[in-house]
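Quick notes on the structure that follows.
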Amino acid sequence: MSICPNCGASNQAGSTTCVQCGKLLEVIPDWLELLLARYGEPMPAFEGISVECVPSAAPTEPLGAQRALSDVVQPPTDVPPEDVELLSEVEKLRRSAKDQPAFVEAQPSEETSTSTVTSAAHKEIDDWLAELRALQEKTALNSAPTMPSEESALEPAQPASSESHPEQEISPSLELPGEPAPTKQPDTVPGETLAPSIEERLGVLVPPTDTAEGVPEEPAPEWLRELGLVQPEQPVAPSTGDSGRLSETLGPLPVAEASTTGELGESSSEEEIPDWLKRLIAISSQMPESPPPGEVAEPTQALVRGESETPPAAEPAPEEPLPDWLRELEAMQTTRLSTATPSEEEETIPPRSKEEDLTGVQEAVVPPSPGAEEVTTIPAAQGEEPSPTVGEEHPAEWLAELEELIERPPASQPTPPPAEEEVPDWLRELAAEKPEAMAEPQAPAVPEIPQPEPAELPQWVSQLRPTEAAAEVPPAEPAAAPLEEAVPTGGEDVIETLRASLGIPQVPDVEGAEMFREIVSEPLETALTPVPEEVEPTPRRNAVTVIIWALIFAAILLGIAILSLALLARVQELLGETAFQRFLNTPAAAGLVASLEQFRKPVTAIHQGDVVLFSIEYTPATAAEMQPLASVILRDLLERRARVLTVSLQPEGAPLAQRLLDEANDTYPYGQYTLNLGYLPGEAIGVRSLAYLRNRQVYASPDGVCQFLGECPGWRDIRGIEDVALFITVADSAESTRWWIEQLPVLSSGEPPMLAAVSAVALPTVRPYLTSAAAARSRLTGLIGGTIATAAYEIYTGKPGRALNMVAAQSAAHLGLVAVALAGIFAGIRTRTDHH
Amino acid sequence: MSAETIVAAILTFMVWSYILGDNPAFRIAEHLLVGTAAGYVAIVVWFQVIGPALHDMVLQPSPTTVLPFVLCALLAARRWPFMRPWAAVSLAFLVGVGSSLAIGGALFGTLWSQVLATASLSLNPADFGESQMFLTSNSFWQNLAILIGTIGTFCYFAFRIRPGGPLRDLRAAFIRFWGGVGLWMIMMTLGALFANAAMSRFTLLIDRVQWLLQVFGLR
């Protein structure tokens, strides 16, 4: 996001003109903004960050070589130390900016003052950011026409320090021992703020000496010394001498050499590169051999990463003598000098906000915009391994972290927003600035710089390339939360870059992760609160309770039994056999009698020796009802001297049939009048197996010799089903009856009549077969069912049996059932009446 | 009183304990019943079906005695995936034979006979003897009830779509009326079925109680 220097309105990153006033927006590199903001102030007291004030001496090693890269690249456990350090940096910068609130608001270029860092850094971030924004606005106002004036203003401010101290490292305001804290620039006319702002920013790169409360003077970072922007041993110059110090800090930049001052820039607007940038390039060209270039280049490249537009090129080259970004700077310098394109100061120093200034300060460490953009592209692509810890680790750590945070990924790679409370505002600004800067191909602050080849990016830069997933960001201070809400989403890229470099897994949805965290961290009682469910009452498992209830139940049954016994005689008299016999003589029993007579008609027509196929289709569960019926029918058949063959389509029917035949064995010996053919498997198919009736195996051999029907004596005349004179099925279900009714007539060509004696349950279902016998060849000629029919049959045969004994009880049960049904009907009617 | 009687009595009480709710005693009796029935069926099947078939195959090998076991083996081999195509032969045989018998029996043994019988019902008073004798004839009223119930039941299960055309209202009223009649017929049929089922279960209970009374010498 860029701040309009004219109206102060926030504009989208990458916009060239203000959306409100339409004024051309000046953009300076983010890294420069940040750098200027940093080194223009005393070291902010970031938590967890130990930043040393690097002495203002020419860096002898590549930038970042002495930095504690292990700290930079170490994946954070709970709270990344880098992030904490960065946050502390931000806080320091904020405090420093807060010390100079008026100046910063009026002149955005003043934000690089080396104000002391207070302990309340986190809550000061608003002021710090406001100062940065003011500085940016000021620089924007003085962008095009004032660029030369800025440079000229900077020049006298730092007349001799730039060349005399080419190696002076621009140390950040964080922990610059021995370095004077960068003083804030004096108030200037808005038109003149651009030049002084840059000068001051660069000037405050010198380690501040007069730090504010509690901020010790720290030596300048190694990377600054490497760049030659800071003189490590030189005392920190006051803020008023920022311009002069700037020249000293920046050192003998190539352009500065050409201009004999190495200061920030010639006054001529036709210069293609600002002086400070040229100085940086010159420094880079003059830098000696350094530790692994990738490590060295990491912090500096990270600073300039924000301006990168090209995709980062993975180029692992940790063992190169010079960092890639230095080589890039050299290449750019060569190209620039050869092309001699006009430089536009306003491109390098556009009006910015506080955050942008901060980024610009950081980015000012590296060569100026023409080469800076190229450099930024390179470091942005490569996430090189951190350089070994060489030299000062504390300033290197925070710087490396800051560089990584500043690094902006390519615009084509969107990154999800991190947690708001975790992203410092200045980081968000940095990220916002990056798309804005990349979206401005004609940005005047960026002179023409040949784009570096992605393949040349160091590895550490390519590693910092953000991925598509969001990374977890440790929670930041709550004070930063409200401010971060207004922070544009550009800072998310920086966070993602940092996460990618640290290897932190990215969380697609940080808010969702937070919510999940809250849910998981809920108390166990609430989490395990069972949802009330309608659970069935569990059965009483207590043995004592079961015994008690069993005794109660037995007592109730005993009482009923005793009462029944007491009334049994009376009930027997009223509803017993006698009463039933009288009932059969009444017209009400006409239907029962008719059905019984219809059933017995074929039975009475049996002749002696006729084969009757008797099917037992009930199970022991219903034997109480069906056994008396089967028994009375069997006796009726045996009394007529018929030969009864019992079969069953159910496995349990065979033994039941055998029991039935054994009961009549005394009178009608098994094997002579009766023979059990056993179980016919296959249900309906079993009926069809009777086609081979002669070869059917007997269930129990009568003499122990014959195994098949045709072998048994007295049964050898039976050839097949056509020799059967009558078929009777005693079934407890309609299904088995249907099997016989459907299959047997086809098998026997409809000759033998069929009789069915079923239970009361199957009676209504089987009756249609009886009623349709007249019209169709259903072959069912007789049907009876139930205990009442059995009792009536027993009466007709003159042999009372179990059915007749149950008539009284059956009648009483029926009466009780009717009474209960009537009571239920009346209760239902009454209930409906009450409702109405 | 034999041990079998005592065990039977105890098991009877254990089954009746379900009136107090599901309890271990009922579960034990239930499991005993199921297990005993399954075991008994297995024994009967072996001695009544498989055993004789094996005996015939061994002593009188012939296509009619060997083929059933071949099909049984193919059906058992369905466990292995590579034998499943061959097991399909047995399944096809079973399904084909069973379906043919079942469908044929249902069509010609049940459906066709019922349709013919219903269609042959006469409501002609002349078929019931002298004039006005049909009023006292059970057959006449039975036939009438059958016809009304059949039509009403069919109309009840008719698709409830709004008829179209010029006589849509009349047709809708016709369907609605006869559907109501069919609903009443269905309710009465279900009531009769329920009543008969209750009678059957009462019989079983009465028999068991009488047996217990006899066991305990109370009867």
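Beta carbons closer than 6 Å, at least 6 apart along the sequence or on distinct chains, pair a first residue in segment B:109-136 that is facing another protein chain (nearest Cβ under 8 Å) with a second that is of a type in the set (A, V, I, L, M, F, W, C) and part of a loop (DSSP other than H, G, I, E, B) for B:S113/A:A776; B:L116/A:A775; B:L116/A:A776; B:A117/A:A775; B:A117/A:A776; B:S120/A:A775.
When you look at A:V507, is it at pLDDT below 70, away from every other protein chain (no Cβ under 13 Å) and touching an Asp or Glu at 6+ places or on another chain (Cβ under 7 Å), yes or no? Judged against the criteria, A:V507 is a match. Restricted to segment B:89-101, and to residues there that are exposed (fewer than 14 other Cβ atoms within 10 Å of the Cβ) and either of a type in the set (D, E) or away from chain A (no Cβ under 14 Å) (or both), the residue that is nearest to B:V70 (Cα to Cα) is B:V89.
Considering only segment B:15-37, how many residues are of a type outside the set (S, T, N, Q) and within 10 Å of another protein chain (Cβ to nearest Cβ)? Count: 11. Has segment B:47-62 got at least one residue that is surrounded by 14 or more Cβ atoms within 10 Å (Cβ to Cβ), hydroxyl-bearing (S, T, Y), more than 30 Å from B:L144 (Cβ to Cβ) and more than 12 Å from chain A (Cβ to nearest Cβ)? Scanning segment B:47-62, I find no residue that is surrounded by 14 or more Cβ atoms within 10 Å (Cβ to Cβ), hydroxyl-bearing (S, T, Y), more than 30 Å from B:L144 (Cβ to Cβ) and more than 12 Å from chain A (Cβ to nearest Cβ), so the answer is no. Would you say A:I795 is farther than 30 Å from B:F140 by Cα, open to solvent by 10 Å² or more (accessible area, probe 1.4 Å) and under 60 Å from the mean Cα position of the chain (by Cα)? No: the conditions fail for A:I795.
From the list B:F13, B:F26, the lone residue that is of a type in the set (F, W, Y), touching a Ser or Thr at 6+ places or on another chain (Cβ under 8 Å) and assigned to a helix (DSSP H, G or I) is B:F26. When segment B:1-10 is filtered for residues that are assigned to a helix (DSSP H, G or I), of a type in the set (A, V, I, L, M) and away from every other protein chain (no Cβ under 13 Å), the ones remaining, listed by number, are B:A3, B:I6, B:V7.
Any residue at all in segment B:142-164 that's surrounded by fewer than 16 Cβ atoms within 10 Å (Cβ to Cβ), at the interface with another protein chain (Cβ under 8 Å from one of its Cβ atoms), assigned to a helix (DSSP H, G or I) and aromatic (F, W, Y)? Checked segment B:142-164: no residue is surrounded by fewer than 16 Cβ atoms within 10 Å (Cβ to Cβ), at the interface with another protein chain (Cβ under 8 Å from one of its Cβ atoms), assigned to a helix (DSSP H, G or I) and aromatic (F, W, Y). One residue stands out among those in segment B:184-210 that are aromatic (F, W, Y) and either without any contact (Cβ under 8 Å) to a residue 12 or more places away in the chain or facing another protein chain (nearest Cβ under 7 Å) (or both): the one that is least open to solvent (accessible area, probe 1.4 Å), which is B:F202. Please indicate, with yes or no, whether at least one residue in segment A:629-643 is open to solvent by 70 Å² or more (accessible area, probe 1.4 Å), modelled with pLDDT of 90 or more, out of contact with any strand residue (DSSP E or B) (no Cβ under 8 Å at 6 or more places or on another chain) and part of a helix (DSSP H, G or I). The answer is yes, given that some residue of segment A:629-643 is open to solvent by 70 Å² or more (accessible area, probe 1.4 Å), modelled with pLDDT of 90 or more, out of contact with any strand residue (DSSP E or B) (no Cβ under 8 Å at 6 or more places or on another chain) and part of a helix (DSSP H, G or I).
Here A:S615 meets the list (1) of a type in the set (S, T, N, Q); (2) open to solvent by 10 Å² or more (accessible area, probe 1.4 Å); (3) over 60 Å from the mean Cα position of the chain (by Cα) almost entirely, failing just condition (2). Of the residues making up segment A:659-678, those that are of a type outside the set (A, V, I, L, M, F, W, C), at negative phi and either within 13 Å of another protein chain (Cβ to nearest Cβ) or not in a helix (DSSP H, G or I) (or both) are A:N665, A:D666, A:T667, A:Y668, A:P669, A:Y670, A:Q672, A:Y673, A:T674, A:N676.
Scan segment B:165-176 residue by residue and report those that are touching a Gly at 6+ places or on another chain (Cβ under 9 Å) and either open to solvent by less than 100 Å² (accessible area, probe 1.4 Å) or of a type in the set (F, W, Y) (or both).
None - no residue of segment B:165-176 is touching a Gly at 6+ places or on another chain (Cβ under 9 Å) and either open to solvent by less than 100 Å² (accessible area, probe 1.4 Å) or of a type in the set (F, W, Y) (or both), so the list stays empty.
The number of residues in segment A:718-746 that are farther than 30 Å from B:R201 by Cβ, within 11 Å of chain B (Cβ to nearest Cβ) and of a type in the set (A, V, I, L, M, F, W, C) comes to 1. Considering only segment A:679-709, state which residues are away from chain B (no Cβ under 14 Å) and part of a helix (DSSP H, G or I). Hits for segment A:679-709 are A:L693, A:R694.
Figure legend. Inter-residue proximity from segment B:151-169: first residues within 11 Å of B:G179 (Cα to Cα), second residues open to solvent by 40 Å² or more (accessible area, probe 1.4 Å) and at pLDDT 80 or above, beta-carbon distance below 6 Å, spacing 6+ or different chains. Indicated pairs: B:I151/B:W178; B:G152/B:W178; B:G152/B:M185; B:T153/B:M185; B:C155/B:I175; B:C155/B:W178; B:Y156/B:L183; B:A158/B:I175. Within segment A:689-707, can one find any residue that is in contact (Cβ under 8 Å) with a residue 40 or more places away in the chain, crowded, with 21+ Cβ neighbours inside 10 Å and under 30 Å from B:A198 (Cα atoms)? No, there is no match, as no residue in segment A:689-707 is in contact (Cβ under 8 Å) with a residue 40 or more places away in the chain, crowded, with 21+ Cβ neighbours inside 10 Å and under 30 Å from B:A198 (Cα atoms).
Only a single item in (1) part of a helix (DSSP H, G or I); (2) under 23 Å from B:H55 (Cβ atoms) is not met by A:E722, and it is number (2).
The numbered conditions (1) open to solvent by 60 Å² or more (accessible area, probe 1.4 Å); (2) in contact with a helix residue (DSSP H, G or I) (Cβ under 6 Å, 6 or more places away or on another chain) are all true for B:L67 except (2).
The values are calculated or read from the model by the stated rules, or taken from the named source; none is laboratory data. The structure presented is a predicted model; accordingly, all values stated were derived computationally and were not measured. No Cβ is skipped: glycine too gets one built from the backbone with ideal geometry, and neighbour counts run over all protein chains shown. The accessibility values were calculated without ligands, DNA or RNA, using every heavy atom of the protein model including side chains. Shrake-Rupley method; radii C 1.70, N 1.55, O 1.52, S 1.80 Å.
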